[in-house]
Structure formats: structure tokens, C-alpha cells
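Here's the structure, in C-alpha cells; my notes come after.
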Amino acid sequence: MESSGPEQFTDLEGDAFDDSKVRWRLFVRPLGILLAYGALFAGVVYAYRTEGGDAVLIGGREIGTLDWVSLFALLAIALVVVSAVLKRPGRSVEFVRTFARDRLAALGALGTVVLVLVALGGPLVYPRPEVDPVVSYQPPVGATVDDFIPVNCVGSTRDGVCRGTWEHPLGTDNGGKDLVHVVVYGLRTSLQIGVSAAVIAGGIGTTVGLVAGTFGGRVDRVLMRYVDIQSAIPAFFVYVLVVAILSADFVLMAIIFGLLSWGGLARLVRSEVHRINTTLYVRAATASGATTYYNLRYHVLPNIAGAVIVPLSALVPTFILYAAALSFLGFGESDPRIVSLGNTIADGLSHSFANWWDVWWYPVVPAVALTVLVLSMLLVGDRLSQLSDPREQ
């Protein structure tokens, strides 16, 4: 180190960009994420080969296959998010403050957090919905229905109408299942599908984009041609075809949408890598002796976070809507123990003895829950898009 006046200058030695000091740290977190993905797919393969796809058997205990997939999807998210927060706690706090200053975005974040907590913690409070035909078609609190529609009115009956009670605050469906329980488990299922599919697509798309953008040449051309081919294969219809051959299954839905929906993300990441590699500071680092691994660790990865987070935040509500739409059309889940908001809405609109508006709460309650979830997540994603773009700040 040489001194000249009050300023101090550091002479960079030749080993300043030695990737041997960087490479092991570069692969620690990706290795953990890779193991999470490996466990996710290994559990699915094991379940379908041994248990028919219903559950993964670990130490004599059964874990639902959808629970297994979403568990390791959340683990992959935690490895990315927790590491980023611990690395830059001050930046994370400032990010939250900036986010909270937008009232609409804060409202969306609040709605998302509340519904996620309901989906995660609700099953600890409410048991899985059970069929009880004796209390079918009970109206919600404050509402009424013609007394001939419920089999047995739980509330008071007067002037030919049945009144709702707090015993079933949101009413019941045609099987007597409490809609509070249905909404809790339906939100859980929707989030499991949306998050799992988005994590699968995000992991593959980010990896392919990084490889294509970093190595270029023939590798880039081959990967992008595959993306072109895959883009011509709609995941929605692939799942319908799989259902026709096998059976409806939300796990297969999450995996199929995840495996066939990462092309756009890969292209976006690839273009971001190209853009970052042409910036002056990366070119200066390369001219000073920085290796590909060094640039990847200190320049590329930190700067593509926004390019990955924003499309993934939009993919989750998109997949949730896909799952609801397929369930509404009868392509959802064959296991009656799995609750689907789309299937519940469809059942609520079809009655042989009454119009759907006579039992309006049956389709409306799950539809409102689904709408609030999707709208809240879209508001959050829109604000994330603005925060990730320096020109919008």
C-alpha cells in the first residue's frame, strides 16, 4: 500500500481475483438448493413407484406427496432469501420500509401474509373438512335461506327461512362441510401448487439462463433452441393429456407447469447476464484478471435477483389460477381428501333442486378467498417490479 497525500491507494496484486478463494463459497448455497430440488423430485418418484403417488413414506410415517413437494420448495426459497437477508440486513430493512410507503402495495402484502398464515396455521386449528349431510346448505351468519333447502336447519327457523349461526360462520356446502375449513385447506392447496411450480420453474430457468449467458456460443444456441421448442408446448394442455392417460393429480400439475414454464425466465436471465457482462466495471474486472467464477459471484448473481424475483412473483398467482381453472373444469385432484377452491366453486354452481343464487355462499365464499389471494399477490409483484428497477425509484 502506497500513500500520496491524504488519500490512500491500494495496489491490486495478481491474486486479487484468484477464483480459488471464491469458488467454494460460490457453490455452497447452490449445492444446498440442488439437494433440495433432488429431494423434491426423488420423493415424488419414490411415492409414485411405491405408494401410488399419495404419500412419501419416511421412517414409517406418511407425508402427503404435495406436502413433500411444497416443503422442499419452501426450503429452496429459504436458502435463497435467508442468505440474502443475513448478508445485507440493512438493505432488507430499507426495502421493507420503501415497500410499506406504498399503501396499495402494503395492503397487498398484508393480505398475502394473512392468507399465507391462514393456510399454514389453519390446519393446526381446524381439522380437515368432513362430510356431514345432516348440516348441509347451512347459510352463513346474518344470511337466510328457504327452510326446505337445508336438511336440518342448525339456526332458528321463522317465516319459512333458516337463519345462519356462528356454529358455521361462513355456511356449509352440499356435504355439510364447514366452508371455513374448506377455505383454509383450499388456500393451503392453492399456495402449495403455485409456490412449488414457481420454484421448479425458477430453479431451472435461472440455471439455464446463467449457463447460456455465461458460456455463450454453441451452448447458448442449443439451450435457446430447446427453449423455442418448449415454448410451443402449452403446459395447460400437457396436463390435460396426462390426466386422460393417468389420473388427476395436483402434484403432477405442479411438476408439469414447473417443468414447462421456465423458458421466458431463462431468456430474461440470459439477456441480463449478457447486459451485465458488457458493463464497464465487469470489463474492467476481466481486464484486471478476474475469472468467470469471480464475475459470476460478485457481479452477475447479485444483479440478476430482480430479473428472477419479479417474474416468479407473477408466476405464483398465475399457477394458482391455472390450478383453480383446471379443478373447476374437473381436471384437478382425484383424491377427495385434497380440497380445491376451483372444485368447490364448480360444485357450488351446480344444483339439481335450486338455483345457485339460493345458496350463493357456497360458490361465492371460496371465489372471494381465491380472488383476494391472487389480487394481493399481484399487487405485491407489481411493487416488486418497481423496486427492482432503479429508474422507478
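List of remarks:
- Which numbered condition residue 295 misses (of (1) farther than 25 Å from residue 377 by Cα; (2) surrounded by fewer than 19 Cβ atoms within 10 Å (Cβ to Cβ); (3) free of Cβ contacts under 8 Å to residues at least 24 places away in the same chain): (2)
- Across the stretch 7-57, the qualifying residues are those that are assigned to a loop (DSSP other than H, G, I, E, B) and either within 17 Å of residue 69 (Cβ to Cβ) or among the small types (Gly, Ala, Ser) (or both), and the one among them that is modelled with the highest pLDDT is 54.
- Options 102, 147, 132; residue that is within 19 Å of residue 314 (Cα to Cα) and of a type in the set (Asp, Glu): 102
- Among all positions in the stretch 97-107, there is at least one residue which is surrounded by 14 or more Cβ atoms within 10 Å (Cβ to Cβ), among the hydroxyl-bearing types (Ser, Thr, Tyr), over 21 Å from the mean Cα position of the chain (by Cα) and assigned to a helix (DSSP H, G or I).
- The condition (being touching a helix residue (DSSP H, G or I) at 6+ places or on another chain (Cβ under 6 Å), under 30 Å from residue 185 (Cβ atoms) and β-branched (Val, Ile, Thr)) is satisfied by just one residue among 282, 316: 316.
- Tally, over the stretch 174-206, of residues that are over 18 Å from the mean Cα position of the chain (by Cα) and surrounded by fewer than 24 Cβ atoms within 10 Å (Cβ to Cβ): 7
- Considering residues of the stretch 243-270 that are in contact (Cβ under 8 Å) with a residue 12 or more places away in the chain and among the small types (Gly, Ala, Ser) only, the residue surrounded by the most Cβ atoms within 10 Å (Cβ to Cβ): 254
- Pairing residues of the stretch 227-239 that are surrounded by fewer than 13 Cβ atoms within 10 Å (Cβ to Cβ) with residues that are outside any loop (DSSP other than H, G, I, E, B), at Cβ distances under 7 Å and at least 6 apart in sequence or on separate chains, gives 233/260.
- Count of the stretch 315-342 residues which are polar (S, T, N, Q) and surrounded by 24 or more Cβ atoms within 10 Å (Cβ to Cβ): 2
- Restricted to the stretch 200-258, and to residues there that are touching a Gly at 6+ places or on another chain (Cβ under 6 Å) and part of a helix (DSSP H, G or I), the residue that is nearest to residue 337 (Cα to Cα) is 200.
The values are calculated or read from the model by the stated rules, or taken from the named source; none is laboratory data. Because the structure is a prediction, the values reported are computed rather than measured. Don't worry about glycine lacking a Cβ; one is built from the backbone with ideal geometry, like all the others, and counts go over all protein chains shown.
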